[in-house]
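Laboratory data are not the source of any read-out in this text; all were calculated from the coordinates shown. Just so we're clear, the structure is a prediction, and the values are computed from it rather than from any experiment. FYI the Cβ positions are ideal-geometry reconstructions off the backbone, even for glycines, and counts take in every protein chain you see.
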Amino acid sequence: MTKRRMKIANLDEDGLKRIQQMEEAMGTLIVALEPQIPLAELSEEQMEKLKTLEEDLDVVLIAYQV
């Protein structure tokens, strides 16, 4: 069994309210996830490359620490 890398975030009332307000303002549903293993600390240049690839592939990418 593999370890889950993300799980649904356990938000306090304020955090949940802020997300609900954003959902209402945007007319969307938003899923809040929190990492279960360390995320990679990327440089600004690496983040830009990651964002560009996300846009090219139309996906969400998450970089983990190895």
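Give me Rg/Rg_expected for the chain, where Rg uses Cα atoms only and Rg_expected = 2.2 N^0.38 Å with N residues.
1.35
Go through segment 32-42 residue by residue and turn each phi into a ³J(HN,Hα) via Karplus (6.51, -1.76, 1.60, θ = phi - 60°); whole Hz please, and just put x for glycine and proline.
9, 10, 10, x, 9, 10, x, 7, 6, 8, 9
Just to confirm the filter: which GluC sites (Glu not before Pro) across the chain are DSSP coil and have at most 16 other Cβ within 10 angstrom of their Cβ?
E41
Using amide H atoms built in the peptide plane, which far-off residues or other-chain residues are under 5 Å from M6 H to H?
Hits under the 5 Å cutoff: Q36.
Return the aspartates and glutamates within reach of K49: Cα separation strictly under 20 angstrom, same-chain partners fewer than 8 residues apart disregarded; answer none if there are no such residues.
E41, D58
Find me the longest stretch of the chain that has none of the exposed trypsin sites (Lys or Arg not before Pro), where exposed means in a DSSP loop (not H, G, I, E or B) with at most 16 other Cβ atoms within 10 Å.
Answer - 6-66.
Can you work out the FRET efficiency for the pair V59 and A9, with r the C-beta to C-beta distance and R0 = 25 Å, to the nearest 0.05?
For R0 = 25 Å, the calculated efficiency reads 0.80.
Using only Cα atoms, tell me the angle between helix 44-57 and the longest principal axis of the chain; keep it within 0 to 90° and round to the nearest 10.
Taking the Cα atoms of the chain, the angle to 44-57 is about 80 degrees.
By how many degrees, between 0 and 90 and to the nearest 10, does the Cα long axis of helix 13-26 differ from the longest principal axis of the chain?
90
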